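Trainee: Would you mind keeping the following structure in view while I ask a few things?
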Amino acid sequence: MKIERLELRLLELPLVHFFETSFGRVDDKHFILVRADGDGESGFGECVADSDPYYSAETNETAWHIITEFIAPRVLGVEIAHPREVFASLKAIRGHNMAKAAVEMAVWDLYARQRGEPLWRVLGGVRDRIASGVSIGIQTSLGELAAKVERELAAGYRRIKIKVKPGWDLNAVRTVRERFGSIPLMVDANAAYTAAEAEHLAALDEYDLMMIEQPLDYDDIAEHARLQRRLKTPICLDESIKSIGLAREAIAAGACRIINIKPGRVGGFAESIRLHDLCAAHQIPVWHGGMLESGIGRAANIHLSTLSNFTLPGDVAASKRYFDPDLIEPPIEVASDGTIAVPAATGIGVAICDDRIARATIRHHVCGPD
Ligand code: OSB
Ligand code: MG
């Protein structure tokens, strides 16, 4: 196969509700949508970089720069046998995994469409429904948090994750446990704590959480290993796992017992599959993370979640929690048993609404023939 043309759009979509983490609040989603064309078909990849460099060092501006100046010249017009060759072909470019992933995932979608197969099948998936969980941001009050949890449990979601930070942690977890009992519950700190707060974090042990996600700094595997020895609660790493090599180090050091996979963080589907397989070989369960994706990126996440070691419910939830309308029709929906059906059509398998994309576009660029 050959990529004849890459089209980039920077999109702006209002979120249905603001989303607040330990690094701040967002009201609108800004992201790059990549379209890869070849042999009369098009594939799509959603870039998970944000406007700001808080979750990751990458931003929409760095991703735009890296894709147009460095990735496009390396993939346009080049004959490849399989999309798994894309990440390896970009080795000269250090880092910038979100930029690489957006292009690589568009190529996988294109490949699946050209073969007339759903994406999950070319990725090696094994199931036709996935278990869904929700990530609930930091709220303005504990009452508001309880109301949100109640609503998501009623919708059927299979686990609740709440964002925490110093000052919004033990009180939030206690509120949810007192009100809702032994529901599947976890927390995500997005690196809001330091090793000096280990004692405080150990107080979470009594709440029987499924896991605590990324308590410490994004580049500190050794301190996570020390903290994990101190905690009963399993640590799940998110931000820290930027490559297969780092995952191997984290597992060897005992820095986590669970890993969250986001293709954008590791450079695409091929690296996600390698990470998935590495974790399976070490009895580390994985789940699919979320980055407030539109229906396009969300559909891609659903397909990857069909691999066998995705044994825990992920942060892949219904479209209506994020965008109204979404960029796809019909939107992604969650059944009352907390599962999502894997789209069955070819590629990512969802119908993309070109008019909505056009309306949300704030910048547009074509690499290759217009
Ligand atoms: O850490 O998992 C995270 C959103 C943006 C950036 C980082 C994270 C998140 C989420 C939201 O938790 C997950 C979702 O619902 O998409
Ligand atoms: Mg996280």
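Computed from the coordinates by the stated procedures, all read-outs in this text should not be read as laboratory data. These figures come from a predicted structure and were not determined experimentally. Quick reminder, even Gly has a Cβ in these numbers, built from the backbone with ideal geometry, and neighbours come from all protein chains shown.
Trainee: I'd like the antiparallel share, as a percent to the nearest 5, of DSSP beta bridges with both residues in the chain.
Mentor: Values: 32 of 53 bridges.
Among the beta bridges of the chain, antiparallel pairing accounts for roughly 60 percent.
Trainee: Hey, fewest Cβ within 10 Å first, where do C353, C279 land in order?
Mentor: Numbers: C353 16, C279 21.
Result, fewest neighbours first: C353, C279.
Trainee: Return the calculated 222 nm mean residue ellipticity for the chain, to the nearest 500 deg cm²/dmol, obtained by summing -39500 (n - 2.57) across DSSP H runs with n ≥ 4 and dividing by the residue count. Walk me through the numbers on the way to the answer.
Mentor: On the way: 14 runs with 123 residues, N = 370.
About -9500 deg cm²/dmol.
Trainee: Next up: On a 0 to 90° scale, report how tilted helix 295-304 is relative to the longest principal axis of the chain, with both axes built from alpha carbons and the result rounded to the nearest 10.
Mentor: Once rounded, the angle reads 80 degrees.
Trainee: Here is a further query. When all alpha-carbon pairs of region 1-137 are counted, what percent fall beyond 26 Å? Please report the intermediate quantities before stating the final value.
Mentor: On the way: 2894 of 9316 pairs.
Roughly 31 percent, rounded to a whole number.
Trainee: Could you work out the relative contact order of region 6-90? I mean the mean sequence separation of Cα pairs under 8 Å and 6+ apart, divided by the number of residues, in percent. Intermediate values should be presented prior to the final figure.
Mentor: Numbers: 102 pairs, mean separation 17.4, N = 85.
The value is 21 percent.
Trainee: Expressed in nm to one decimal, what extension gain is obtained for the pair D208 and E150 from 0.36 nm per residue of sequence separation less their Cα-Cα distance?
Mentor: Working: separation 58, 0.36 × 58 = 20.88 nm, distance 1.91 nm.
Taking 0.36 nm per residue and subtracting the Cα distance, the gain is 19.0 nm.
Trainee: If you average the sequence gap of Cα pairs under 8 Å that are 6 or more apart and divide by the length of the chain, what percent do you get for the contact order?
Mentor: Working: 824 pairs, mean separation 83.9, N = 370.
Relative contact order for the chain comes out at 23 percent.
Trainee: Just to confirm the number: angle between the C-alpha axis of helix 221-230 and the first principal axis of the chain, 0 to 90 degrees, nearest 10?
Mentor: Roughly 30 degrees between the two axes.
Trainee: I've got another one for you. What is the fewest-to-most order of K2, K148, K100, K262 by other Cβ atoms lying within 10 Å of their Cβ?
Mentor: Working: K2 12, K148 18, K100 30, K262 26.
Final ranking by Cβ density, sparse to dense: K2, K148, K262, K100.
Trainee: Another question about this same structure. How charged is the neighbourhood of A131? Take every other residue with its Cβ under 12 Å from the Cβ of A131, and add Lys/Arg as +1 and Asp/Glu as -1.
Mentor: Details: positive: R127, R129, R158, R159; negative: D315, D337.
Spelling it out: positives minus negatives among the neighbours equals +2.
Trainee: Please compute, for the alpha-carbon atoms of region 243-343, the extent along each of the three principal axes and give them in descending order in Å.
Mentor: 44, 27, 19
Trainee: Show me, for region 361-370, the HN-Hα J-couplings you get by feeding each phi into the Karplus relation (A = 6.51, B = -1.76, C = 1.60, θ = phi - 60°), rounded to Hz, glycine and proline as x.
Mentor: Listing the rounded values in order: 6, 10, 7, 9, 8, 10, 9, x, x, 5 Hz.
Trainee: For D188, what residues show an amide H to amide H distance below 5 Å, using hydrogens built from the backbone and excluding near sequence neighbours?
Mentor: Placed amide hydrogens put I162, K163, V164, E213 under 5 Å from D188.
Trainee: Any chance you could give the angle, 0 to 90 degrees and rounded to 10, that helix 97-115 forms with the longest Cα principal axis of the chain?
Mentor: The helix 97-115 is inclined about 60 degrees to the chain.
Trainee: Right, another one. Cut-off 20 Å, label point 7 angstrom out along Cα-to-Cβ of D217: give me the residues of region 43-64 whose amide nitrogen falls inside.
Mentor: 53-58
Trainee: Rank the residues V126, V334, V187 as a footprinting-exposure proxy: fewest other Cβ atoms within 10 Å of their Cβ go first. Before the final figure, lay out each step's value.
Mentor: Details: V126 10, V334 25, V187 28.
Fewest-to-most ranking of V126, V334, V187: V126, V334, V187.
Trainee: Evaluate the relative contact order of region 132-264 (contact order divided by residue number), counting alpha-carbon pairs under 8 angstrom at least 6 apart; express in whole percent. Provide the component values of the computation, followed by the final result.
Mentor: Working: 215 pairs, mean separation 24.0, N = 133.
Answer for region 132-264 is 18 percent.
Trainee: Starting from 0.36 nm per residue, how many nanometres of slack lie between S182 and S42 once their C-alpha separation is accounted for?
Mentor: Numbers: separation 140, 0.36 × 140 = 50.40 nm, distance 4.58 nm.
Going from the current span to full extension adds 45.8 nm.
Trainee: Two decimals is fine: what's Rg over Rh for region 172-278, C-alpha atoms, Kirkwood radius as Rh? Each step should come with its number before you reach the end.
Mentor: On the way: Rg = 14.2 Å, Rh = 14.2 Å.
Here the Rg-to-Rh quotient is 0.99.
Trainee: Okay, moving on. Using the scaling law 2.2 N^0.38 Å as the reference, what is the normalised Cα Rg of the chain?
Mentor: On the way: Rg = 19.7 Å, N = 370, 2.2 N^0.38 = 20.8 Å.
Dividing the Cα Rg of the chain by 2.2 N^0.38 Å gives 0.94.
Trainee: Treating only the Cα positions of region 105-164 as identical point scatterers, give the base-10 log of I(q)/I(0) from the Debye formula at each q in 0.19 Å⁻¹.
Mentor: So the normalised log intensities are -0.72.
Trainee: Kirkwood Rh over alpha-carbon pairs of region 134-226, then Stokes-Einstein at 4 °C and 1.567 mPa s: what D in µm² s⁻¹, rounded to an integer?
Mentor: Details: Rh = 13.6 Å.
Value of D from the Cα-based Kirkwood radius: 95 µm²/s.
Trainee: Treating cross-link reach as a plain straight distance, find the aspartates and glutamates whose alpha-carbon is under 14 Å from the alpha-carbon of K242, omitting any fewer than eight places away in the same chain.
Mentor: E58, D217, D219, D220, E271
Trainee: Report Rg (one decimal) and Dmax (nearest whole number) for region 72-212, counting Cα atoms only, units Å.
Mentor: In Å, with Rg to one decimal and Dmax whole: 21.2, 59.
Trainee: Continuing with this model, one more query. Would you compute the Debye intensity of region 185-227 from its alpha-carbon atoms alone, equal scatterers and no solvent, and pass along log10 I(q)/I(0) at q = 0.15, 0.31, 0.34 Å⁻¹ to two decimals?
Mentor: Log-scaled intensity ratios, in q order: -0.32, -1.25, -1.34.
Trainee: May I pose another question? With N set to the residue count of region 323-366, report its C-alpha Rg divided by 2.2 N^0.38 Å to two decimal places. Present the calculation step by step, with values, prior to reporting the outcome.
Mentor: On the way: Rg = 13.3 Å, N = 44, 2.2 N^0.38 = 9.3 Å.
Cα Rg divided by the expected 2.2 N^0.38 Å: 1.43.
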